[in-house]
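Computed from the coordinates by the stated procedures, all read-outs in this text should not be read as laboratory data. Please read these numbers as outputs of a predicted model, since none were measured by experiment. A quick note on method: Cβ atoms are made from the backbone with ideal geometry, for glycine too, and the neighbour counts reach across all protein chains shown.
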Amino acid sequence: MSTSRLVRLTRAAVLSPPLLWTFVFMFVPYAILFVYSFWVQKYPTFVPDFQFGNYIQIATDPQYLNVILRTLKIAFFVSLGAALIAYPYAYFLVFKVKRPGVRMALYMAVVAPLWVSYLLRAYTWKTILGTTGILNSFLMSAGILSEPSSVFLYNQTAMIVTLIYVFIPFMVMPIYAVLEKIPHNLTEASGDLGVGRFRTFFKVTLPLSIPGIVAGFTMTFCLSFGDFIAPFLVGGPDGLMVANVIASQFGASLNWPLGSALAIVMLMIVLTIITISDRFERLGQGKFA
Amino acid sequence: MTRATLPPQRQRVLARIERLSWLVGIGLILGFLYLPIAVLVAYSFNASRSLTWPMSGLTLEWYQKLASNSQLIEAFYNSIYVAVSATALTLIIGVPAAIALDRIDFPGKGLFRKLILLPIALPGIITGISMLILFRAIGFNLSLETVIIGHATALLAVVVTQVYARLQRVPASLSEASVDLGASGLQTFFLVTLPNIRTAVIGAGMLAFTLSFDEIPVTFFLTGRDNTLPMYIWSTMRRGLTPEINAIGTLIVAMSIVMIFVSVLLLRDKKNPRK
Amino acid sequence: MTKIIETTNLTKTYGAVLAVDDISLSVEEGEFVTLLGPSGCGKSTLLRMIGGFEDPTSGQISLDGKEVTHVSPSKRAVNMVFQDYALFPHLSVGKNVGYGLRVAGMPKREVAEKAREALALVGLEGRYDDSPRMLSGGQRQRVALARAIVRRPKVLLLDEPLSALDANLREQMQIELKHLHTKVGLTFVLVTHDQTEALTMSDRVVVMRNGRIVQDASPQELYESPKTGYVAGFVGSTNLFRSSVTIGANGPVIKCFGQELAAPAAAGALSGQEVLFGFRPEKAALVPGGSEPGQNALRGKIAEIVYHGQSARIAIDLGSGQVLVDLQISDAAGSAAQIQEGEEIAIEVAPHKIMILADEVVP
């Protein structure tokens, strides 16, 4: 068989299944989603149309606008909080732990919770923060509270805490990866040149670790932005996030067109963030190179 | 003024304080991470239904209730079925996809790559909804099979990133040498390429399995009559807090620990001794 | 003798880039041919096309009389030794060597036997069970050789096989490769950018540039009679200068950086034209001080002396240009030991030692 024929056949065999799959199960669904967002609800179902009504509703109705802004805010604080906790952890692991065995163990220790069910990890915060929960009974038995307080649960703070808890491992991994790549002699050289340790950190280590921070921040932000489990479990009435609204459109409200439009809006926001962070990452890499 | 300019006695004290603060910080973080899990496990043995501190006693009552819960057991087996099938599917599609991205140039490669990797940062709800729309549009009923397809699609990103990263470290000259020595493309794949990416394939497979087993957003929209375990737990949660949930949770934690050990063992043998 | 490899008008383009430009080359059975040139000259692409790893854009390749232009590498009777050796890391040395035979369906015992034979040929019998990771660069290269040879191909292709080795090892391997060639009797086609390798090992050297063959000759011919300024400068060193040819009382005369020199006889036919000339540094001789310089003398000031142990390279400033001259170091008159930087010096170049060179034909 000739080279070109062999190569072409092999290529076709290797490419077809993934390409076909991606087309049918990713491209087509997004396309239909996009099309549906222009359709109109006609209770109890929906009909084809071409109108921007859904989008206008999202942009003007304070109900939807507020939810989107609230979700953005929560996602931001979750990412910030997770980053502030994850960075020192990763830093400690890379720069302060000498023995590779200990480092591996501590790394696995922070990643291991990812293998435990997400639903359950979010759920445990419900049990901890509730009025009949552990935090309250602990505070009461310690004498700090005289009766259980409902302030810990069913609000945005509870959601933020829960989501930070869930996403810390997601933050640690890319930051660890990027800190590990920094050649040791860079910080040594900096010290050798008489620069203090704080300034070395801010001028050498931190800038070089930006790609990892950006990667972790983006992933955490986008995934928090689209979460509907934490709001359901610990969010309470004012903790509704965009994903919950979308879910209800496909559930009881049976307003698939509106749900699709919301989903497209969410998709656009996430894509924008990914694109911006890509640019950031490339900037960071450019400096290093 | 830097620390290095202080007298040695002061330096040592400062170093100790620094070390201590680091250790306390790390301890707090790890405590924060594992506290909920510890609570979950502890209270699965709690004698009373309440979640107050301190615990009222130890019992295995909740585990016994689980064992006789046929719905739960069925959901568990459903999850295994879904996870195994989805993992197999995503490997069969994902490994060639990674090879294609590494070695082949074709029109639309950029779009293909972006599409496949999108689900990593894309909230599962969007994947779930878009596939729900697809199935409804073509008149396909929701079932465990639609869940499997949904998982396989969402997990492609996991397999592709892992295998692709590993492939980058396998020089293309290896495949060329194999063909030069008389092997066909298929022989080359099985005799040369696959053995060299084995660890990545296994690792990706295990990760995919775990993620599928615990998957919620995509499953939420694609489930038919049969529930997976997370869906069952979700529906129980809606009905209120019950200690059985703690028991299920503890069992899942135990299973996760076993899986972690298995994966470490499986990957350790093949690892490059230098690393 | 049969032509074991024959390419006819072979061309390869990558988009807008012309990598191999209309090359017609033939190799006789049993020859050791080297493709020599700088990076990007197309030598590796040509080699890979012969091996079947690249598809020619146009033209034909024949191996031992059979047309193989689009045949897959697995079906060609050639084997390649890759630049990074491409040893399979997951197989032992012995299994690496036997890979091609196993794939062809040979029984295990026979495969092991032949693999051991091939390893013995390259001096690595004891390493059959070792992992490639445990071998040094030179050893890995020998395993790659054994693996390619064991299938008894008609042609062995080698892609810059010595470039990853350090200098001492390289010299040793050059000799070993030459011995292997004689011992095994296969046709070798080797690609390199190192002209020393080409001169040491080859029966024939094909100098390439910009996808074309510039000169195809034996090492001696290449060195003594390079066709173009490029070849003269690439293979060994050459002092190049341009001059118009005039006819004087004793024959043709040229000017080297403004100073008159007697030209080789053949230059007579180029009277009136501007031509490129050159002479090699070791072909010049020192004019002993005191004697009257002959007509072929170049006079100048010594700008720099670089010591090379056996000889010294002397840069002489002639006013409008510089020439390099290699002189032996000895106690005799006319030796490099007798001179110093800054001195006035005269050297002479015999006319028949001056080369007439063509300019490059830039397509």
Inter-probe distance in nm under a simple model that places probes 7 Å from Cα toward Cβ, at C:Glu343 and A:Gln51: 10.4 nm
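At 222 nm, what helix-only mean residue ellipticity would chain B give, in deg cm²/dmol to the nearest 500, using -39500 (n - 2.57) for each DSSP H run of four or more?
Helix-only estimate at 222 nm: -24500 deg cm²/dmol.
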Quotient of Cα Rg and 2.2 N^0.38 Å for chain C, N being how many residues it contains: 1.21
Exposure proxy order (Cβ contacts within 10 Å, fewest to most) of C:Ile354, B:Ile92: B:Ile92, C:Ile354
Pairs from A:Lys203/B:Lys109; C:Lys43/C:Lys108; A:Lys73/B:Lys114; C:Lys43/C:Lys95 whose Cα-Cα separation, in the structure shown, is over 29 Å: A:Lys203/B:Lys109; C:Lys43/C:Lys108; C:Lys43/C:Lys95
Global geometry of the range B:13-113, whether rounded, prolate or oblate, following the gyration tensor of its Cα atoms and the 1.5 cut on a/c: oblate
Shielding by other protein chains, A:121-129, mean Cβ within 10 Å: 6
Cα-derived Rg to Rh of the range B:3-61, Kirkwood definition: 1.41
Value in Å of the Kirkwood radius, where the range C:84-177 supplies the Cα pairs that are averaged: 13.4 Å
Positive-end extreme of charge dipole, the range B:63-270 - chosen from B:Gly205, B:Leu111, B:Val82 (charges on Cβ): B:Leu111
FRET efficiency for C:Arg152 and B:Met255, using Cβ-Cβ distance with R0 set to 56 Å, rounded to 0.05: 0.50
Dipole axis of the range B:3-61 (+1 Lys, Arg; -1 Asp, Glu on Cβ), positive-most option in B:Tyr43, B:Ser56, B:Leu6: B:Leu6
Potential lengthening between A:Leu84 and A:Ala142 on full extension [0.36 nm per residue; Cα-Cα distance subtracted]: 17.9 nm
Sorted by Cβ density within 10 Å, fewest first, the residues C:Met173, A:Met108: A:Met108, C:Met173
Full-extension gain in nm, B:Met55 to B:Arg169, via 0.36 nm per residue minus C-alpha separation: 35.7 nm
Size of electric dipole in chain C: Cβ of Lys, Arg +1 and of Asp, Glu -1, about Cα centre, debye, nearest 20: 1600 debye
Shielding by partners, peptide B:101-113 (average Cβ within 10 angstrom, other chains): 2
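If a/c stays under 1.5 just call it rounded; otherwise compare a/b with b/c (prolate if a/b is bigger, oblate if not). Do that for chain B, with a ≥ b ≥ c from the square roots of the Cα gyration tensor eigenvalues.
oblate
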Spin-label pair B:Ile73/A:Asp238, simplified geometry with 7 Å Cα→Cβ offset, distance in nm: 4.8 nm
Protection proxy ranking of B:56-65, B:147-156, C:231-240 - average other beta-carbon atoms within 10 Å, highest first: B:147-156, C:231-240, B:56-65
Cβ neighbours within 10 Å from other chains - mean over C:78-84: 4
Dimensionless Rg over Rh [the protein assembly as shown; C-alpha; Kirkwood]: 1.10
Kirkwood hydrodynamic radius of chain A, from inverse mean 1/r over distinct Cα pairs, in Å: 22.6 Å
Alpha carbon centroid spacing (whole Å) that separates the range B:114-144 from the range C:33-58: 48 Å
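What order, most packed first, do the peptides B:162-172, A:237-247 have when packing is the mean number of other Cβ atoms within 10 Å of each residue? Walk me through the numbers before you get to the answer.
Values: B:162-172: 17.1, A:237-247: 21.4.
Put in order of decreasing packing, that is A:237-247, B:162-172.
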Förster radius 30 Å - calculated FRET efficiency between A:Ser16 and B:Ile202 (Cβ-Cβ, nearest 0.05): 0.75
Pairwise FRET efficiency - A:Val102 versus C:Ser237, Cβ, R0 = 60 Å, nearest 0.05: 0.50
Cβ charges +1 (Lys, Arg) and -1 (Asp, Glu), total dipole of the range B:63-270, debye: 280 debye
Magnitude of the charge dipole, the range B:3-61, Cβ model with Lys/Arg +1 and Asp/Glu -1, debye to 20: 500 debye
Relative packing of peptides C:96-107, B:196-207 - highest average C-beta neighbours within 10 Å first: C:96-107, B:196-207
Theoretical ellipticity at 222 nm over chain C - DSSP helices of four or more residues, -39500 (n - 2.57) apiece, nearest 500: -7000 deg cm²/dmol
Enclosed volume per residue, in Å³, of the convex hull spanned by Cα atoms of the range A:17-69: 116 Å³
Relative contact order (%) - criterion: Cα under 8 Å, at least six apart; region: chain B: 28 percent
Average Cα contact separation per residue, chain C, under 8 Å, 6 or more apart, as relative contact order %: 15 percent
Dipole of the protein assembly as shown, positive direction: furthest Cα of B:Met237, A:Phe232, C:Val231, with charges on the beta-carbon: B:Met237
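Net charge around A:Leu120, counting only other residues with Cβ within less than 14 Å of its Cβ (Lys, Arg = +1; Asp, Glu = -1)?
Here the charged neighbours net out to -1.
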Order of C:Leu162, C:Leu180, C:Leu35 under a 10 Å beta carbon neighbour criterion, fewest first: C:Leu180, C:Leu162, C:Leu35
